[in-house]
Structure formats: C-alpha cells, structure tokens
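Participant: Before we start, here is the structure in question, set down as structure tokens.
The values are calculated or read from the model by the stated rules, or taken from the named source; none is laboratory data. All values derive from a computational prediction rather than experimental measurement. Methodologically, a virtual Cβ is constructed for each residue, glycine included, from the backbone with ideal geometry; neighbour enumeration extends over all protein chains shown.
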Number of protein chains: 2
Amino acid sequence: MDLKQLRYFRTVAEEKQVTKAAKKLHMAQPPLSQQIKLMEEELNLKLFDRQGRKLELTKAGEILFEKAARLLTEFDETLIEVREISEGMRGKMHIGSTKSCFSYLSAALNLFKTQHPNITYQLREGDTYFLEECIKNREIELAIVRMPMHSDEFNVLKLPSEPYVLVAPESWNISSYDDAVEFEDLRDVPLMLLHRISGRGQFELIVDEFRDHGIEPNVTCECPDATMLLSLVASGVGATIVPESTLKAFALHHTKSYQLTGANIKAESAVIWQKERYLTKASQRLIKTLEDQFCYV
Amino acid sequence: MDLKQLRYFRTVAEEKQVTKAAKKLHMAQPPLSQQIKLMEEELNLKLFDRQGRKLELTKAGEILFEKAARLLTEFDETLIEVREISEGMRGKMHIGSTKSCFSYLSAALNLFKTQHPNITYQLREGDTYFLEECIKNREIELAIVRMPMHSDEFNVLKLPSEPYVLVAPESWNISSYDDAVEFEDLRDVPLMLLHRISGRGQFELIVDEFRDHGIEPNVTCECPDATMLLSLVASGVGATIVPESTLKAFALHHTKSYQLTGANIKAESAVIWQKERYLTKASQRLIKTLEDQFCYV
DNA sequence: ACATAACATACATAAAAAGTATGAAAGGAG
DNA sequence: CTCCTTTCATACTTTTTATGTATGTTATGT
C-alpha cells in the first residue's frame, strides 16, 4: 500500500462517500472505488461496511483512519523539514574557528541568527591544521582559520588582514609612548606566542619579523590557544603578540595593548571549505554573510 | 513521493551504492537511479552528494534517512495492527449485559481472555430494552439479555433456559422444606422483583405465574438491577425471585435460596447482535465461545 | 594506460492508475 | 407502489508510470 492510497482512504472515510471523496480528490469515482478495493484485498480485510449505498468504517478501518492522519501529517512534515534544511532555513551547522579568529565568527553569527532563527550551531575550535583535518573528515563544513594553510584542497575566502598588537600586563612600563612599542623595546620582554600544535604558522612569521629587526625574541611560552595566552598576560607572566581582532574578542582586565611600530607583518585569516563538495545552503549563506560583513568595507 | 520511493531511498542510503541497493531490492540498477532522481526533482534538492562514483548523503538526505526509518516502521506496524484487529486478535470489544445474565458473560470472558490476550473490553449494563438501543446506536456490538425482547432486527443465539429461584433473608422461616418453597408459602411474603425501566419483561411473567397459582403476589419493590435486589434481601427487606445463574454470580451472605416447586416458568436469555451488519472477528469468536460453553452441554 | 566498477542515459516494454461507459441497487418523491 | 435520482460497482480503454535492457561515461585501482 502506498501513501496515495492512504490519502484516498482518508478522504473516503472523512466523506463517508466515494463520490464526494472523488470530487474532493479531483478524480473520477471508479478508480477511487477500485483503489479502496485494492487496499482491502492487499490487507485481506474489509475497511468499510457496505450498508446499501452507505459506507461505514469497520473496526479495522477506524484504526487505520486514526493512524492514517498521524502517518500522513508526519510524512508531510518530514518533507517540509527536509526542504527547509536544504534551503538553509533549518538544521545544525558545523563550523570551526581558531580562537584568534573567533571575533569574525561571533560577529557573523550575530547577524546570521536574525535571518535564520531556526539554524543551530555546532562549533569546533583548534589550530589551522586541526581544523583543516576536521573539514577533510567531514566533521565540520567550513572554518575560519589563520593563514598560512597547509593544504590547497580548500576554497579560500580571504578576510582583510589586520595588524598584530602587543599585549602586556597593565603594570608593566615597556614603552615611552602610551599606545605603541618599537621592536627595540621588546628586546628583553618575556614573550608568549601562539604556536600551532603541528605545522608552520604565525609563530614563525613573528619570530622572523623580530630577526629582521635584528632582535632575537625572548620566547618564554608557546601555546596554541589565544585566550590562555591573554590570561597569562593578565596574571603578569609575560607579554604576547596577537592579531588585533583576537584582542578585541577576548580583551581582559589588567592588560594593556600597544601597536607595533615598524612592523611589516600582518595577520591573515580566511574562511575555508572543501573544494568539489556539496555545501549546504546554510553554509553558503554564512560565507556570504562573512564576505559582506568583512570584505566590502 | 510514495512509500516505495522512500524504501528505495533508505536502501540506497544504507548501501551507499545504487548497484548494491538494486540487488538487495531485486531490481535493475537504472530504475533505482531514476527513482532517486525523481525524488530529488520532486523535492527540488539533492539527497546525495555525488563524489565520483561514491554517494554520500547531504544534510537534507541525512534527515530524510533518519525520518524514513521511523515513518516506514510506523507504517508497517500500523498495517500489522489493522490486520490483527481485523483478525480479532487485538482491539477493544464493546459488549453489553443485563446484570441478571452477567454470569454467562463473566464465564465466557474468562475463557476468551486466555485465547485473546490482546483484546480489551468495554462493558455496558442495563435492561434488555436499553441494550437493544445501544446496539442500534452502535455503542455496543453485542449483548447478553433476558428474554423477551422488543425488536426483531437482531440475530439471536438463545442460551439454555434456567429455573427461577427464590432468595430470602437467611433468618426467615418461610418453608417447611429446607431448600424449596411452594407458591402457597409465598402468599404473604413481601416480594421485590426485577422490573425493566420500559417494556414488558420477566416481571410480568412472574406475576402471571403467581396468578396462575391463584395467588396475588405481594410486590413491595420493583427494581431494574438484580444486585440491588439481592442486597435488599441480605438486609432483610424482603425476598426476591431471580434466575438461578444470577444468584450464582452475585450470591450474598445472609441470604438463602429455595427452588420454586411447581413453577412453570423458566428464565430465558440470549446473545443478540444486529442483523445485516459487519461483525468484528473478535465478536464472532466471542459468540462462538458462548455457544460452545453453554449451548452444547 | 587499461581494466573494472559504478552511475547515468536512451529507449522499449510491462504494469498500474485513471478515465469512460454502463449496470445494479438503494433511497426518496410523487 | 412506481419512477427517478443517487451511489457504488464492473468492464473496458487510454494514459501514465515504473521497470527492464542496452549502452555510454566517468572515476578508481592495478
């Protein structure tokens, strides 16, 4: 038995008449009679008790009628849900972000949620290498990561580059200016730097920049998580250098930030997702949101 | 979309391959590919992400797959339930009985329940006239009633006739014998008799019998409910005359019963159900049980 | 690079559903 | 009670849909 027959049966049971039901279904009466008969033959039972020209449901028919309503609405609702998911209006998105890029994601989601109230999120956090692997494993669909990347099997939407800033404990006095430091000022400052668990990343860029300025940085701590670093700064353990937006997202009390005068490096970040793979409408829209928000300003 | 397509989809999603799925479904591969394509066109979305020759479910496809399992099993279970109801192996039976015939019903149900453990019951109680109306209104399918009946639109299975017995308070001394009375003994005894709310019934039969013996009965109470009468007897209010089986089902302490010597009337009861109407298998079986239990002994 | 395996397409065939015409039986009006 | 209308059922035809066969195309692995 298929759903068409079940719908037919429901209408006949509602109308208690084949003729009326046929009209309601925009079809001729004989095929409807026939389909009901076929159902009865398939089930090997009577669904209707034919009393002259009146049709009354049998016990079995009554039960089927009750269940049919439920089954059919559940079915219809499923189709609606599936369509909505496909339209990106519903469902759970799986997104990754490095901590240092998190402000982009939180800003984008903040905008996105008003336009897509039925979308929920599953977030992954980790360094660029880790998130690349997550995408390859299909654990997440897209991620916002720090450059440089390892693999080239991704579509890449570059977000605008931003300066690095130095963050030091409030109590420290490391510069003659109020809001800027020169590399020379940092010669002996204990530095704690972001460092990926595996692969080359910002760490190497920053260290190289120091060397270009003729200074060997005093790196006292390497850590993959920006918020941990900032917390260490707040405790007075050392200073750190992070992208400006990272600081904006996780600025802590008892810390103070400085621009890096004469710095040639910029922090680069990007939205990445796998090439040649079907991307949900929801993800396509989120990427569009990120692009509109950060790339055309 | 119909259920056949949903089953196809489920199989393909399980096998992650059209070819294997087609084999499992005992069909050729092209029609299966085509049906999946039709589903996608109808929903206007992709259910599978075609990666070369690999098929992977999209988000929408995943949701449909999850829901499909539920929908299909619910559907199959519904069909099973409907079939069982039609077979009389499941469902709720609507049965009526006069109180005075209740022992037949309780005995029959006691036997029936072991053979039909999934059947439940909805009971109605009242006088014969009332139960006839209940059947006509489709509130119950069958009833066990006292004769005589009013209408002839019923199929009637007569149960064996049984003698009436006199029930009196234990303390009374109304007979010279231990377990029998003659009509003569009852000349002044206060009698409480079953009397239908409407229509002629046993009451008239019993009164006529008294008159045939030249005695005008001293009727002090008319009541439609046998158990109320018996309770009144136990309290010492009066004596009553009820069918033997009624007494068996509701015998109370502090009462004593006597055979009616010289009585020509018998209590008649019957199972009735509506003519020309579809009767559930369960009811057919219960009638058979009653027949086997009481008519062939 | 070639063989193999898998999905897609094109076309033919078979099955199923819907339509048309018509018959039978029930219910209502005169 | 008879006739007319209504309604369901049946017989047959047409249309639509589903399936099967043959074959092409593309990716994967040897």
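Participant: Looking for something surrounded by fewer than 17 Cβ atoms within 10 Å (Cβ to Cβ), out of contact with any Asp or Glu (no Cβ under 6 Å at 6 or more places or on another chain) and within 9 Å of another protein chain (Cβ to nearest Cβ) - is there at least one such residue anywhere in the stretch A:93-112?
Facilitator: no
Participant: Inside the stretch B:102-212, counting only helices (runs of 4 or more DSSP H) that do not spill past its ends, which hold 1 or more residues that are under 23 Å from B:Tyr258 (Cα atoms)? Break it down into steps so the answer makes sense when it comes.
Facilitator: Values: elements: B:102-115, B:128-136, B:202-212.
Filter on the stretch B:102-212 gives B:102-115, B:202-212.
Participant: Right, here's the next one. Please count how many residues of the stretch B:34-87 are within 9 Å of chain A (Cβ to nearest Cβ) and of a type in the set (Val, Ile, Thr).
Facilitator: So the count comes out to 5.
Participant: Going through A:Arg196, A:Arg200, A:Arg187 one at a time, which residue ends up being over 19 Å from A:Pro243 (Cα atoms), at pLDDT below 95 and not small (Gly, Ala, Ser)? Lay out the reasoning, then the answer.
Facilitator: On the way: A:Arg196 fails: over 19 Å from A:Pro243 (Cα atoms); A:Arg200 fails: over 19 Å from A:Pro243 (Cα atoms).
So the residue among A:Arg196, A:Arg200, A:Arg187 that is over 19 Å from A:Pro243 (Cα atoms), at pLDDT below 95 and not small (Gly, Ala, Ser) is A:Arg187.
Participant: Kindly indicate whether A:Arg10 is within 14 Å of chain B (Cβ to nearest Cβ), among the basic types (Lys, Arg) and either outside any helix (DSSP H, G or I) or without any contact (Cβ under 8 Å) to a residue 12 or more places away in the chain (or both).
Facilitator: On the way: within 14 Å of chain B (Cβ to nearest Cβ): yes; among the basic types (Lys, Arg): yes; either outside any helix (DSSP H, G or I) or without any contact (Cβ under 8 Å) to a residue 12 or more places away in the chain (or both): no.
For A:Arg10, the condition - within 14 Å of chain B (Cβ to nearest Cβ), among the basic types (Lys, Arg) and either outside any helix (DSSP H, G or I) or without any contact (Cβ under 8 Å) to a residue 12 or more places away in the chain (or both) - is not met.
Participant: Given the conditions (1) near DNA strand D (Cβ under 7 Å from one of its atoms); (2) touching a residue at least 24 places away in the same chain (Cβ under 8 Å); (3) under 25 Å from B:Gln274 (Cα atoms), which single one is not true for A:Arg50?
Facilitator: It fails just one condition, (2).
Participant: For the stretch A:42-53, state whether one or more residues are under 50 Å from the mean Cα position of the chain (by Cα), assigned to a helix (DSSP H, G or I) and surrounded by 20 or more Cβ atoms within 10 Å (Cβ to Cβ). Write out each step before concluding.
Facilitator: Within the stretch A:42-53, the subset under 50 Å from the mean Cα position of the chain (by Cα) is A:42-43, A:47.
Now drop any that are not assigned to a helix (DSSP H, G or I), which leaves A:42-43.
From what is left, the residues that are surrounded by 20 or more Cβ atoms within 10 Å (Cβ to Cβ) are none.
The answer is no; no qualifying residue exists.
Participant: Which one is nearest to A:Ala60 (Cα to Cα), of the residues in the stretch B:93-125 that are without any contact (Cβ under 8 Å) to a residue 60 or more places away in the chain and among the small types (Gly, Ala, Ser)?
Facilitator: The selected residue is B:Gly96.
Participant: If I filter the stretch A:29-44 down to residues being without any contact (Cβ under 8 Å) to a residue 24 or more places away in the chain and more than 12 Å from A:Tyr8 (Cα to Cα), which single residue comes out as nearest to DNA strand C (Cβ to nearest atom)? Steps first, please.
Facilitator: Just the residues of the stretch A:29-44 that are without any contact (Cβ under 8 Å) to a residue 24 or more places away in the chain, to begin with: A:29-31, A:33-34, A:37, A:40-41, A:44.
Among the residues that remain, those that are also more than 12 Å from A:Tyr8 (Cα to Cα) are: A:30, A:40-41, A:44.
On the way: A:Pro30: 3, A:Glu40: 13, A:Glu41: 11, A:Asn44: 17 Å.
Filtering first and then ranking leaves A:Pro30.
Participant: Taking the condition more than 14 Å from chain B (Cβ to nearest Cβ), over 30 Å from the mean Cα position of the chain (by Cα) and at pLDDT 90 or above, does A:Asp292 pass? Spell out the reasoning first.
Facilitator: Working: more than 14 Å from chain B (Cβ to nearest Cβ): yes; over 30 Å from the mean Cα position of the chain (by Cα): no; at pLDDT 90 or above: yes.
No: the conditions fail for A:Asp292.
Participant: Now, a different point. Take A:Ile144 and tell me if it is of a type in the set (A, V, I, L, M, F, W, C), touching a residue at least 24 places away in the same chain (Cβ under 8 Å) and surrounded by fewer than 22 Cβ atoms within 10 Å (Cβ to Cβ). Working first, answer last.
Facilitator: On the way: of a type in the set (A, V, I, L, M, F, W, C): yes; touching a residue at least 24 places away in the same chain (Cβ under 8 Å): yes; surrounded by fewer than 22 Cβ atoms within 10 Å (Cβ to Cβ): no.
Here the answer is no, as A:Ile144 does not meet what is asked.
Participant: Taking the criterion of being within 11 Å of DNA strand C (Cβ to nearest atom), under 39 Å from the mean Cα position of the chain (by Cα) and either modelled with pLDDT of 90 or more or of a type in the set (A, V, I, L, M, F, W, C) (or both), would at least one residue in the stretch A:5-15 satisfy it?
Facilitator: Here is the first cut: in the stretch A:5-15, the residues within 11 Å of DNA strand C (Cβ to nearest atom) are A:5, A:7-8.
Retained after the next criterion (residues that are under 39 Å from the mean Cα position of the chain (by Cα)): A:7.
Filter again for either modelled with pLDDT of 90 or more or of a type in the set (A, V, I, L, M, F, W, C) (or both), leaving A:7.
Among the residues of the stretch A:5-15, at least one is within 11 Å of DNA strand C (Cβ to nearest atom), under 39 Å from the mean Cα position of the chain (by Cα) and either modelled with pLDDT of 90 or more or of a type in the set (A, V, I, L, M, F, W, C) (or both), which makes the answer yes.
Participant: Only one of these is charged (D, E, K, R) and more than 25 Å from A:Val156 (Cβ to Cβ): A:Arg196, A:Arg211, A:Arg285, A:Arg277. Name it.
Facilitator: Values: A:Arg196 fails: more than 25 Å from A:Val156 (Cβ to Cβ); A:Arg285 fails: more than 25 Å from A:Val156 (Cβ to Cβ); A:Arg277 fails: more than 25 Å from A:Val156 (Cβ to Cβ).
Just a single option satisfies the conditions, and that option is A:Arg211.
Participant: Hey, among B:Ser235, B:Ser245, B:Ser257, which residue is over 25 Å from A:Asp49 (Cα atoms) and in contact with a Leu (Cβ under 6 Å, 6 or more places away or on another chain)? I'd like the intermediate steps shown before the answer.
Facilitator: On the way: B:Ser235 fails: in contact with a Leu (Cβ under 6 Å, 6 or more places away or on another chain); B:Ser245 fails: in contact with a Leu (Cβ under 6 Å, 6 or more places away or on another chain).
Residue meeting the stated conditions: B:Ser257.
Participant: Taking the stretch A:48-69, which residues are modelled with pLDDT of 90 or more and within 16 Å of DNA strand C (Cβ to nearest atom)?
Facilitator: A:Phe48
Participant: Filter the stretch B:16-27 for residues that are of a type in the set (A, V, I, L, M, F, W, C) and near DNA strand C (Cβ under 8 Å from one of its atoms) and give the result.
Facilitator: If the condition is that a residue be of a type in the set (A, V, I, L, M, F, W, C) and near DNA strand C (Cβ under 8 Å from one of its atoms), then B:Val18, B:Ala21, B:Ala22 are the ones that fit.
Participant: Now for a different question. Here is a check on your reading of the model: is A:Leu286 assigned to a helix (DSSP H, G or I) and either modelled with pLDDT of 95 or more or within 14 Å of chain B (Cβ to nearest Cβ) (or both)?
Facilitator: Values: assigned to a helix (DSSP H, G or I): yes; either modelled with pLDDT of 95 or more or within 14 Å of chain B (Cβ to nearest Cβ) (or both): yes.
The answer is yes for A:Leu286.
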